[in-house]
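Read through the structure below, which is laid out as structure tokens, and then see the notes.
The values are calculated or read from the model by the stated rules, or taken from the named source; none is laboratory data. Everything numeric in this text was worked out from a predicted model, so none of it was measured. Cβ: placed from backbone, ideal geometry, glycine included. Neighbour counts: every protein chain shown. Note: areas computed on protein heavy atoms with side chains; ligands, DNA, RNA excluded. Shrake-Rupley method; radii C 1.70, N 1.55, O 1.52, S 1.80 Å.
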Amino acid sequence: MTQNVWFIAAIWMALALSASLISIWAGISVALVEILVGVVAGNFLGIHATTDWINFLALLGSGVLTFLAGAEIDPRSLKANLRASGLIGILSFGVPFVIVWIFAQFVLGWPLQQAQIAGVALSTTSVAVVYAVMIEGGYSDTAMGKTILAACFITDFGTVLTLGVLFANFNIWLVVFVVAMCVVLWFMPTWTQFIIVRLGATRVSEPEVKFIFFVLFFLGGLATTAKSEAVLPAYLVGLALAGVFLRDKTLVNRMRSIAFAIFTPFYFIKAGLYVSLPALWAGLGIIGALLLLKMITKLVGVFPLARMHYMGKREASYTTLLMATGLTFGTISALFGLQNKIIDQRQYTVLVSVVILSAFVPTLIAQKFFQPSVEAMHAWGRVYRKRMRVLSVEDVGDNGNAKSEQGDQDAL
């Protein structure tokens with residue numbers, strides 16, 4: 001049975017189905033439950049190996065999730081809330097990167113480059129986890145939800161940029177990748193809108209969806225050839241198409257259904273398989289210290305800025321905890337270090353365990369103790385833009401009149 005591709009697929013979809021049922025029953029994000037199911041499957045059910053097609057589906061899941069996260073960022077809200085998301089994103093990356101680097105080098109005794117890999121891996125924020133939480137909670141259409149997603153992008157862009165500057169090979173393929181990215185990002189909205197208008201968005205063959213997947217695959221190929229990561233162009237393409245998706249909700253709903261039904265379960269369950277409980281127990285002291293350090297540095301970098309930008313304590317705590325998550329870029333950074341012989345297998349296990357635990361622990365705390373209401377997240381956007389004297393269509397109530405700031409303050 002373990003050699004039959006259909007039985008393997010059935011086992012993985014059974015795990016995904018059980019995760020969905022548990023998430024509905026427990027009221028916890030399905031992404032977190034899928035990670036936990038992966039941990040149980042790897043440590044108690046004997047499911048350790050993955051196939052090439054499972055690895056591809058998991059990779060595709062991370063790419064499509066990252067693309068959709070970028071596409072959910074309303075350009076108007078991004079512009080209106082740019083200061084908040086920009087400052088939170090920069091410090092969310094910078095503070096953990098520097099502190100973890102120093103801790104790994106001078107406390108754990110890791111050499112310079114190994115300490116830098118640790119700093120990069122633990123400075124990330126998981127766009128995939130945050131986006132999944134936003135969609136399930138109905139927060140993706142709120143100003144605060146869009147601000148958090150934009151801050152995630154800035155954090156992870158700093159991660160990829162730092163990893164590239166410190167370790168990447170600068171060659172002709174990197175130049176080709178950058179040039180191709182610039183061309184695609186400039187013309188992608190026009191091309192996509194042309195396909196939707198000329199061919200229609202109701203055809204069974206879904207040409208617009210296939211076109212987007214073609215572009216993601218092509219840029220992913222160029223990125224990996226240039227020793228970069230495929231999820232970076234996916235996020236940027238999603239951001240470039242945000243305006244098109246804002247006008248055509250049918251397209252984003254189709255891609256979201258495809259992603260959450262087929263691709264993302266493989267990604268999150270596979271992430272859970274990386275957690276070895278015996279290895280976790282053996283390195284529990286270091287793993288616990290690094291996880292605590294990541295959460296504390298995120299608290300130092302994010303919470304004061306969130307409060308400074310008019311978030312209530314509950315909303316600021318929720319934002320801080322979500323920014324403390326890590327998964328995609330964290331595991332990518334650790335794997336980059338292992339494959340290039342910068343870190344060894346023991347250090348890789350420690351870093352990946354911390355990264356995966358950081359996807360689960362902060363999000364669980366955020367959802368159980370600090371989850372705000374949708375109205376409070378909308379209210380923050382109105383208060384912020386009124387204080388900053390930047391208005392958008394979100395500030396107008398159902399009766400056409402601007403909502404009062406006092407009412408928004410009460411909601412916060």
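Whole-Hz Karplus values for the range 93-102 come out as 8, x, 5, x, 4, 5, 5, 5, 4, 5 Hz, taken residue by residue from phi with 6.51 cos²θ - 1.76 cosθ + 1.60 and θ = phi - 60°; glycine and proline positions read x.
Taking all protein chains as shown and a probe of 1.4 angstrom, Ser140 keeps an accessible surface of around 10 Å². Each residue of the range 189-194 was assigned a 3J(HN,Hα) from its phi angle through the Karplus expression (A = 6.51, B = -1.76, C = 1.60, θ = phi - 60°), giving x, 5, 4, 5, 5, 4 Hz with x at Gly and Pro. Of the residues Ile365, Thr155, Ala261, the one whose Cα sits farthest towards the positive end of the charge dipole of the chain is Thr155 (charges of +1 on Lys and Arg Cβ, -1 on Asp and Glu Cβ, taken about the Cα centre). Coupling constants for the range 356-363 follow from the phi torsions by the Karplus curve (6.51 cos²θ - 1.76 cosθ + 1.60, θ = phi - 60°), and in residue order they are 5, 4, 6, 6, 9, 5, x, 5 Hz; glycine and proline get x. When all protein chains stay in place and ligands, DNA and RNA are ignored, the 1.4 Å accessible-area order of Ile54, Ile365, largest first, is Ile365, Ile54. Note on Cα extents along the principal axes in Å: of the candidates [x] 56, 51, 45; [y] 60, 50, 50; [z] 113, 35, 21, the value calculated from this structure sits at [y]. The residue list Leu290, Gln347, Leu273 was ranked by how far each Cα lies along the charge dipole of the range 193-348 toward its positive end, using unit charges on Cβ atoms, and Leu290 comes out on top.
Rounded to the nearest 500, the 222 nm mean residue ellipticity of the chain from helices alone is -25000 deg cm²/dmol, with -39,500 (n - 2.57) taken per DSSP H run of at least 4 residues. Cross-link reach is defined here as a Cα-Cα straight distance under 30 Å, omitting same-chain residues fewer than 8 places apart; for Lys294 the lysines meeting it are Lys79, Lys146, Lys227, Lys270, Lys313, Lys341, Lys368. Each of Leu322, Leu232 has its accessible area taken with a 1.4 Å probe; listed largest first, they run Leu232, Leu322. Note on the range 35-81 and the range 283-298: Cα centroid distance 23 Å, given to the nearest whole angstrom.
Based on Cβ point charges of +1 for Lys and Arg and -1 for Asp and Glu, what charge dipole magnitude is obtained for the chain about its Cα centre, in debye rounded to the nearest 20? Around 500 debye, computed over the chain. Dipole of the chain computed with +1 at Lys/Arg Cβ and -1 at Asp/Glu Cβ about the Cα centre; of Thr50, Thr250, Tyr310, farthest Cα towards the positive end is Tyr310.
With an 8 Å Cα cut-off and a minimum separation of 6 or more residues, compute the relative contact order for the chain in percent.
Contact order relative to length: 27 percent.
Ordered by 1.4 Å accessible area with all protein chains kept, His309, His378, His48 run largest first as His48, His378, His309.
Starting from the 7 Å offset along Cα-to-Cβ, what nm value, one decimal, do you get for the label separation of Val5 and Thr250? If labels sit at Val5 and Thr250, their model points lie 3.3 nm apart.
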